[in-house]
Each structure stands twice: as C-alpha cells, then as structure tokens.
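Working notes, beginning with the structure itself.
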Amino acid sequence: MRSNELELAGVGLGCLVLWVFGGDWLLVTSALTIWICLKLTSTNDHLYVLPLAITFQWSQTSLGLFYYDLLGREVPAIHGSDYRPMVLIGLGCVLAFALGIKAGLLTRRPPNADERPDFAFTFGPLVTVYVVGVAVEGTMLAVAPSYPSIRQIITTLDTARLGVLFLIMRRLCSPTPRWVTLGVVVAIEVVMGITGFFAGFREPIVLAVLAVLEVFDRRNKQHWAAVTLAVLAVSILGLIWMGIRRDYRREYVEFDQFQTSRSARVERVRDLSSAFLKGDASEVWATADRLVDRMWTIYYPALAVERVPKVLPHTDGAFLRDALVHVVTPRVFFPEKAELMSDSDKVRKYSGAFVAGRESNTSIAFGYSAEAYVDFGIPLMFLPVFGFGLFIGAMYAMFRSLIWHRELFVAFGTVAFWLSAYLFERSWATMLGVAVGFMVYLGLPTVLLDRFLLVRFARDQASTPGEMLFDTVNQDQA
C-alpha cells in the first residue's frame, strides 16, 4: 500500500471538500475506506476487476449517504431507519473483504507475464463463438429451470459468453483502440440486455470499462473520455430502466409477442424511454430517488440492526453454517436436498418488514453483511467476511498461476471474479454458491483448455530459439 505525496495530498483535499460541502464525518470515513480498499485490492497485473468489484460493493453502502448529504435528497433509509450504524457496519465489511483479498493475493507471487503467450485464439474464432453463444443463450436460460439439479452448471457455463465478449472488447482496445467498433459491440449488448426481463445492460458496459482500463493511459484524453462516457451511460440507462421497468415488465408478461419478438421489445423500450425523458423534472427526480434507494442496500439491514439482539437474539452462525452446507452438497449430487430459508423470509423475521416473497416469485435479500451481523454481531461478524475475501484473493492468485495463456486468464478472471464479488446485497448462500460455481464449473474447464493449447504453444516454441520456454513452464507448474 505505497502512496506518494501527490496521491496523499489529493486524498486529503478530497476529504476536505467532502467535509466542507457535506458537513458529515461519515462521508469522509466512506471516502477514506474506498481509497484504502482500492489500494488493498490492486493486483499489479493491469487487471482491475477486483478493485472495480469492491468499488461497486462500496457504492451500495454509501450511495444514499452522498445523495443525501450533497444533494439533500432523502430515500426511505434516511427517514425510516437509523441508517448510520449500518453504513459503518457495511464499510467495515467492505474493508474486511478487501483485507481478505489482499491476504489471499499474497499466497502466490504474480507470474512473469513476459514469459507467457498473450493470445490463445485468433480473432475469427472468437467472433464465431460469440455469435453462437448469443444464438443459444436464450435456449439455455429457458431450459435451465426445467433441470434444477444442473441449473447452476448451465447458467455458469452460459456466462462464458461474457468472457468471449470481453476478449473481443479487449482486442478492440489494443494495440490501437477502435472506438467506433467497440461502441457498436457495446450498443448491441446493451440493447439485448435492456430488452430482457431483467436489467442486463450493466455487464457489457462494465466489461468495456475493464478492457479500456487494461490499456489506460492517464495522458490520453480519449481514454478518459471513454471511461467518463461509460459511467454516464450506465447511470442514464439505470435511471431510464427504473422509470420504465414497471410498465415494460407488465407488458412483457401479458403479451406473448414480447417474449418471441425482440424487435417488438426494442420498439416498446424506445417508446417508453422517450415518454419518460419527456416527463417533467419532478418525475425524473422521483425516479432518481427510487434508483438510489434500490442501489443503496441499507434500509432492511438497518432495521435488523435495530432489532437484533434487542428483540431477537443472534443466531450463532446459523445463516453461514446453512450456506456452507448448501454449497458443499451440490444439487447435481443431492437432488433432494432441502431448500434454504428464503431471503425474503429472513428480511421479514429480522427486519420486521413484510416484503414480497416466494408467493409472488420475488426475493428481497438482506445481503451477506446483515446476515453476518445477525449471526455473530460486532466484531466477530467481520471474520467470515475476511475469510471470504481470503478465498477470493487466493483463487485469483491460484488461477493466475495455473492458466498460462494470459488471454484465457483475463477472460475467466474478469467474468468470474466480477460476478462473484461485486454485489453487497447477496446472501451468504448466493455469494458462496456463485463463487464456488465459477471456480469449479468455469475455472477447471479453462485450466484444461489452457493445458490443451499449451501443447500447441510448446510445439511452436520448439521450432524457435526459445525452445527452452516449455521447460520453464513445466518447472513453474511443478
């Protein structure tokens, strides 16, 4: 965690500005927390998936705080709960998670990138696999619910398409960025995402940002413009989606042509978006309030902190224990295993709020931090959070060493560790299940593919003066 004087001065100035304009020490604490977390999660390999994931988690602990202190806008957590203790608990969890990641990264030294092949495939096969993935994605997601014992395997493998998409974006960014082509690819993915039932437009923009960050040059104005445009795009799209999703989802369910015709969905999204943007400013602000309330996952956990242990006792680790048992008994081998207590039922019991649940095909989650608090209370709750961070960091370090082709690791690492670590609102069961699923169902096949390609790489190297490289590979893996 080395910092130069200029960086420290910038952090100090930023904290001073927050204090002057916000007048809240919690704002300053939040800013210092994310700075420390970014330093801790730096992997020093030009990949920024872990820092970006920790930043998104941090935003879910602090967004409403900044929204209220700097803009004066209230959301339900502000006037409906004692939110400040939960913000501190959330920041503590994000910091513990980052500390665990740092400890996990230290378990293995970063490999020497100069000794490793960068590209595993030519551009043509990547495009072909991507197109095929887009074509079969809908079928795979439609089939998955019918086979609950292998549903996680199907959905995990389906996300491999995002890895191929990222490789395409990465090629478009290096050595000379092809901004127009990259923009077209992102636009196509955003249209496909926003015309689904859920908001699937976020991931392609995040992947594009990560691709740009890998080659980011602080002195290049185009790089700054690309990242700024991506942040603005995801913010505006989030606002529009929040404004139209109720009407859009209702029509999606009621009208059959929506599910069978993407063009009909595109046209309807365009009409709804146009009507929303033409609305008056008060409605736009009200939608922004709802968006911040949705992103700032503090309200229900804050209610639970008020009730536990005053009204209900701590569970002594029941949530975490059940989640661990659930993860180590995969449904593919234990098809009859019992369902866990639903996330909505946990919120109802420990927050005292009657939220929508399974009876309406809805799930409202506490998040792992609230479950850790209900399980153990302060300070023991931070130990399992640190442990999960340790697992994530160690897995990142391990796969970075095992996967010899940098391109394969970049694709796997970006998708797997972003989707495993970016959500603060996930329950322990979901968080652990998603992470372990990616390591097993996507990580192991990637390692096997890497070994297969390594044979070809070694054969090519044997015909060049660098034929001793394969021996170096074997020694490293030993």
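Values quoted throughout were computed directly from the atomic coordinates according to the rules given, and no laboratory measurement underlies them. Owing to the predicted nature of the structure, the values given are computational and were not obtained by experimental measurement. A quick note on method: Cβ atoms are made from the backbone with ideal geometry, for glycine too, and the neighbour counts reach across all protein chains shown.
Worth a mention:
- If you take the Cα centroid of region 367-410 and the Cα centroid of region 69-100, the two points sit 21 Å apart.
- In terms of other Cβ atoms within 10 Å, Trp285, Trp58 run from fewest to most in the order Trp285, Trp58.
- For the chain, calculated [θ]222 nm from helices alone, where every DSSP H run of n ≥ 4 adds -39500 (n - 2.57): -23000 deg cm²/dmol
- Label-point gap, in nm, between Arg246 and Asn4 - each point 7 angstrom along Cα→Cβ: 5.1 nm
- Footprinting exposure proxy for Ile236, Ile36 (fewest neighbouring C-beta atoms within 10 Å first): Ile236, Ile36
- Note on His314/Thr176: beta-carbon distance plugged into 1/(1 + (r/R0)^6) with R0 of 56 Å gives a FRET efficiency of 0.50.
- Close Lys-Lys pairs in the chain, where close means Cα under 26 Å and separation is 8 or more or interchain: 6
- Kyte-Doolittle mean at least -0.5, axial Cα span of 24 Å or more - DSSP H helices of the chain: 5-22, 49-71, 83-105, 123-143, 221-254, 382-402, 444-462
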